[in-house]
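The values are calculated or read from the model by the stated rules, or taken from the named source; none is laboratory data. Predicted model only: the values in this text are computed from it and were never measured. In this analysis, Cβ positions are derived from the backbone assuming ideal geometry, glycine residues included, and neighbour counts consider all displayed protein chains.
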Amino acid sequence: MFRPVCKHAARQLARPSRSAAVGKRHLHTPVPFDWKDPLGANNMFSEDELAISETAESYCQDRMLPRVLEAYRNENFDRKILEEMGELGLLGATIQGYGCAGVSSVASGLITRAVERVDSGYRSGYSVQSALVMGGIEEFGTEEMKEKYLPDMAKGKMLGCFGLTEPNHGSDPGSIETIAKPHPSKKGHYSLSGSKTWITNSPIADLLLVWAKLGSTGKIRGFVIERDQCPPGTLETPPIKNKNGLRASITGMIQLDQCPVPEANMFPDVEGLKGPFSCLNSARYGIAWGTMGALEDCIARAREYALERKQFKGNPIAKYQLVQKKLADATTDAAYGILAATQVGRLKDEGKAAPEMVSMIKRQNCDRALVNARALQEVFGGNAVSDEYGIGRHVANLFVTQTYEGQSDIHSLILGRTITGIQAFY
Ligand SMILES: Cc1cc2nc3c(=O)[nH]c(=O)nc-3n(C[C@H](O)[C@H](O)[C@H](O)COP(=O)(O)OP(=O)(O)OC[C@H]3O[C@@H](n4cnc5c(N)ncnc54)[C@H](O)[C@@H]3O)c2cc1C
């Protein structure tokens, strides 16, 4: 699927053209248009990035794809998937050291795209582990935390979840109510109380990164909670069942009732929204890539269906202009989305990516993926309703990607604030 177009194109350009051979003005041999890579994005990736992408795509197509239908039907996330990804070095891949691969942000984007080409739920489980929790520990944790948790997390043997959203506070995390106070009986410990909801991986997480307000300052702080260190009754993580999207991921609550957490498990130097927002920034960057993978899968499925399905005088429906327009719109948006994500990834690696850039690509790519997936769903007619065609699953999933990690309208407000200098949140 990810043919190294750059090598191919370089060979073509190096070969003398026929007109040059007869002494006329040199003409480049035209590079054929590839609907899978319309703007030649593969030319922008290094050999290493293409190799990583191929590894991820092969794993996802060969090992993940065969499981997704049953996982989605039964709302059954197989945690072995993260172990398998760990064996391939795909978890926390941008982190240097601690058993992680230390690849570029673009390479990690390509991994994310490969995973979400299969399913946004699998990508959610992967992103929470890699970007939100491992990334958070790497950025804000102490050296002890990094050495203790990151190697096992990189192998997928220890799973993490990220608890920010609460039942009464989603888009406005500055108002969270979960509180950390000195523990009344356990010296050197905080006591955490409060409730988090819609938390990916929470029912199976070994490590819970929870954001709570410190009672003494009222400032948000990050706490790493080890499930097996919590006394009975202080931590519950009930699953939220019967979702109508992202069913191949596992989602739940985090209920904390005077849960003792060692003082050493609080991120030492970061306070306020900077902590969670910095982690979210990395995950949102990944979502911008991932949703393009889901959209590309919708395009491939719709194209194949349209070429096979015949209506009116035995014509394939791909012959009709309205169907072609849907494919043209979606393919254009996917191509633009990949280029934009690549550009932000390059800037990220140079330390030049502003959070608003990430808001822009997260919002745009999620919105365009959802709009186009809904339009392509129409190509399947009644068969769109059967889960075996895969398109309905992507549509339901893409609604969630547009909603979580900052609903699209909230990202509009972030962009609006930076464009006008006036904030419109309240
Ligand atoms: C499957 C799933 C997995 C998730 N995983 C995680 C996770 O792992 N960790 C985590 O912490 N959270 C997670 N979330 C939570 C997610 O991030 C929140 O649902 C999201 O932030 C929106 O918050 P909310 O649901 O409370 O909606 P609300 O904040 O109530 O928003 C509802 C609507 O009102 C709009 N709105 C709100 N305020 C304004 C405003 N000022 N101006 C204009 N419009 C506004 C929003 O755009 C939205 O359309 C997950 C959610 C889902 C569905």
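Brief remarks on what is shown
- Test: residue in region 229-237 that is of a type in the set (A, V, I, L, M), more than 12 Å from the ligand (Cβ to nearest atom) and crowded, with 20+ Cβ neighbours inside 10 Å: yes
- Of all residues in region 87-130, those satisfying the criterion of being more than 20 Å from ASN76 (Cα to Cα), in contact with a Cys (Cβ under 7 Å, 6 or more places away or on another chain) and either assigned to a loop (DSSP other than H, G, I, E, B) or within 16 Å of the ligand (Cβ to nearest atom) (or both) are GLY92, ALA93.
- Selection over region 392-420 of residues that are within 6 Å of the ligand (Cβ to nearest atom) and among the β-branched types (Val, Ile, Thr) gives a count of 3.
- Scanning region 195-222 for residues that are of a type outside the set (Asp, Glu) and either away from the ligand (no atom under 14 Å from the Cβ) or in the same structural domain as GLU83 (by TED's automatic domain parsing) (or both) gives LYS213, LEU214, GLY215, SER216, THR217, GLY218, LYS219, ARG221.
- Spans of strands (runs of 3 or more DSSP E) in region 142-206 with at least 1 residues of a type in the set (Ser, Thr, Tyr) and in contact (Cβ under 8 Å) with a residue 24 or more places away in the chain: 189-200
- All told, ASN365 falls short of being farther than 23 Å from SER249 by Cβ, in contact (Cβ under 8 Å) with a residue 24 or more places away in the chain and not small (Gly, Ala, Ser).
- For region 158-188, the tally of residues that are more than 20 Å from the chain's Cα centre (by Cα) and surrounded by 18 or more Cβ atoms within 10 Å (Cβ to Cβ) stands at 5.
- Here TYR190 clears all of (1) within 10 Å of the ligand (Cβ to nearest atom); (2) on the phi < 0 side of the Ramachandran plot except the condition numbered (1).
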